[in-house]
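Notes follow the structure.
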Amino acid sequence: MGFLQERGIPSNIYYPVPIHRQKAYEDSENQRFELASTEALCEIVFSLPMHTELDQEQLSYITDSVIEFINQ
């Protein structure tokens with residue numbers, strides 16, 4: 001995400017707390033579950049810009065930046 005930020009590309013972890021650990025569910029039976037994979041993914045899965053107003057040049061810049069990072 002830092003690599004993208006340096007290039008002016010916003011990204012964010014939108015769900016840093018797994019749903020079974022969120023306040024809305026604290027009184028439910030979901031709290032007794034141990035979902036290690038879900039919790040691990042909440043730390044590493046992030047969102048890239050995606051909306052109808054991105055033009056082809058912006059999409060290419062985002063895509064090329066992700067590929068550049070992967071190929072380092």
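The values are calculated or read from the model by the stated rules, or taken from the named source; none is laboratory data. From a predicted model like this one, the values you see are computed outputs, not experimental measurements. Cβ coordinates were reconstructed from backbone atoms using ideal geometry, including for glycine residues, and neighbour counts include every protein chain displayed.
In the stretch 1-19, the residues that are in contact (Cβ under 8 Å) with a residue 40 or more places away in the chain reach residues that are assigned to a loop (DSSP other than H, G, I, E, B) and surrounded by fewer than 14 Cβ atoms within 10 Å (Cβ to Cβ) with C-beta atoms within less than 6 angstrom, at least six apart or across chains, in these pairs: MET1/PHE46.
To keep it simple, each residue is scored yes or no on (1) surrounded by 11 or more Cβ atoms within 10 Å (Cβ to Cβ); (2) part of a loop (DSSP other than H, G, I, E, B); (3) hydrophobic (A, V, I, L, M, F, W, C).
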residue: GLY8; (1), (2), (3): no, yes, no
residue: ILE62; (1), (2), (3): yes, no, yes
residue: SER65; (1), (2), (3): yes, no, no
residue: PHE69; (1), (2), (3): yes, no, yes
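Against the test of being polar (S, T, N, Q) and out of contact with any Lys or Arg (no Cβ under 9 Å at 6 or more places or on another chain), the options SER65, SER60 yield a single qualifying residue, SER60.
Of the residues making up the stretch 29-60, those that are modelled with pLDDT under 90 and more than 19 Å from the chain's Cα centre (by Cα) are GLU29, ASN30, GLN31, ARG32, PHE33, GLU34.
Sort out which residues of the stretch 10-54 are outside any loop (DSSP other than H, G, I, E, B) and of a type in the set (D, E, K, R), and write them in order of number. Answer for the stretch 10-54, where residues must be outside any loop (DSSP other than H, G, I, E, B) and of a type in the set (D, E, K, R): ARG21, LYS23, GLU29, ARG32, GLU39, GLU43. Within this structure, GLU57 fails the test of being outside any helix (DSSP H, G or I), on the phi < 0 side of the Ramachandran plot and without any contact (Cβ under 8 Å) to a residue 12 or more places away in the chain. Among residues of the stretch 13-49 being touching a Ser or Thr at 6+ places or on another chain (Cβ under 6 Å) and closer than 26 Å to TYR61 by Cβ, the one that is surrounded by the most Cβ atoms within 10 Å (Cβ to Cβ) is LEU48.
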